[in-house]
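Colleague: Here you go, one structure.
The values are calculated or read from the model by the stated rules, or taken from the named source; none is laboratory data. Note that the structure is predicted; figures quoted are calculated from it, not measured. Neighbour counts run over all protein chains shown; Cβ positions are idealised from the backbone, glycine included. We work out accessible area using only protein heavy atoms, side chains counted, and drop any ligands, DNA or RNA first. Shrake-Rupley method; radii C 1.70, N 1.55, O 1.52, S 1.80 Å.
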Amino acid sequence: MPHGVPEVTRADATGERFPMSVGAVARELRAEFPGTTVSTIRFFEAEGLVVPGRSASGHRLFGPREVERLRRVLRLRRDECLSLSAIAQRFQEEASRPGGAAPVEPADAAAPAHAGGTARMGRAGVLAVAGAGEEQLADWEAYGLLDARPDGSYAPAQAAVARLAAELGGYGLQARHLRAVKIAAERQTDLVASIVAPLRRHPDARTRARAERTAEEIAALSVRLHAAFVRSSLGPHGD
């Protein structure tokens, strides 16, 4: 377990120990979903489907609610072949019902958590998630790292971008440095889109649904490949 992450703070009714690190959660979920990796969980986090807590040193901490949410995401993908966007929409529809669960990301009064079937959050919510100030957010927007909707709201995945940009900022990486990462990601997105384009045009609805899942799986593998390239480029220090 990473230094600074508490091994145990409490146990739930089943005796499971929380909070859990991202590695512990991946091991827990592999009992039902063998292909689950740390990268899988981080990908779901980037898509705004789960929001772990953070230790004082910045490590991810997952409670029982977050682990159960991850189980639901994996089950919906496996059993109903839902895309991540469809899963996010279902979660938000559930949250909007009386007595429903809280939205996946915090939102402020200027931008409700549910509108038109799509999750969104306000400027204050993004700042809260990232632990950043207005000046940082304006800088990220100026360099195209974040892009608000016409009504001023943001998709949950944008909040994940803001949080990571803020963390990298702690190491001296500014928005102008991260612009190159954004451009590389857009090129990768274009490649994925070209691969699944024939499936998206297919007349069968199930085939079109599979296209979205295929795109997400390729994207997740691309993220892992990128991480592997970075570690490899670091040489012996990346082992």
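Colleague: Output wanted: per-residue J couplings in Hz (rounded whole) for segment 126-138, from phi through Karplus 6.51 cos²θ - 1.76 cosθ + 1.60, θ = phi - 60°, x for Gly and Pro.
Modeller: Along segment 126-138, the couplings run 4, 4, 5, 5, 7, x, 10, x, 4, 5, 5, 4, 4 Hz.
Colleague: Report relative contact order for segment 120-239 in percent, whole number only (criteria: Cα-Cα under 8 Å, sequence separation at least 6).
Modeller: 19 percent
Colleague: Would you compute, for the Cα atoms of segment 126-239, the largest minus smallest coordinate along each principal axis and list the three values in descending order, in whole Å?
Modeller: Largest to smallest, the principal-axis extents are 48, 47, 20 Å.
Colleague: If you don't mind, there's one more thing I want to ask. Chymotrypsin sites (Phe, Trp or Tyr not before Pro) within segment 129-189: which are DSSP loop residues with at most 11 other Cβ atoms inside 10 Å?
Modeller: Answer in residue order: Y171.
Colleague: So if each residue of separation counts as 0.36 nm, and I subtract the Cα-Cα distance between A193 and I218, what length gain in nm does that give?
Modeller: 8.0 nm
Colleague: For the pair D79 and H177, how long in nm is the line joining their label points, each one 7 Å along Cα→Cβ?
Modeller: Simple spin-label model gives 4.5 nm for this pair.
Colleague: Compute the FRET efficiency between R97 and E167 as 1/(1 + (r/R0)^6), taking r as their Cβ-Cβ distance and R0 = 30 Å, and round to the nearest 0.05.
Modeller: Taking R0 as 30 Å, the efficiency between R97 and E167 is 0.30.
Colleague: Please list, in chain and number order, the residues 5+ apart from L61 or on another chain whose amide H is under 5 Å from its amide H, with Hs placed from the backbone.
Modeller: G53, R54, S55
Colleague: Can you list the HN-Hα couplings for segment 37-51, worked out from phi with the Karplus curve (6.51, -1.76, 1.60; θ = phi - 60°), rounded to whole Hz and with x for Gly and Pro?
Modeller: Each residue's phi maps through the Karplus curve to give 10, 4, 5, 4, 5, 5, 5, 4, 5, 4, 7, x, 7, 8, 10 Hz.
Colleague: What does the extension gain come out to for S55 and R17, with contour length at 0.36 nm per residue minus their alpha carbon separation?
Modeller: Length gained between S55 and R17: 12.1 nm.
Colleague: A further question follows. Can you list the HN-Hα couplings for segment 163-175, worked out from phi with the Karplus curve (6.51, -1.76, 1.60; θ = phi - 60°), rounded to whole Hz and with x for Gly and Pro?
Modeller: Per-residue couplings from phi come out as 5, 5, 4, 5, 5, 5, x, x, 9, x, 7, 9, 4 Hz.
Colleague: I would also like to ask the following. How much area per residue is accessible in segment 125-239 when the probe is 1.4 Å and only protein heavy atoms are counted (Å²)?
Modeller: Accessible area per residue, segment 125-239: 63 Å².
Colleague: What is the list of residues in segment 66-92 whose amide nitrogen lies under 20 Å from a point 7 angstrom out from the Cα of H202, following Cα to Cβ?
Modeller: Once the point is set 7 Å along Cα→Cβ of H202, 76-87 turn out to lie under 20 Å by backbone N, inside segment 66-92.
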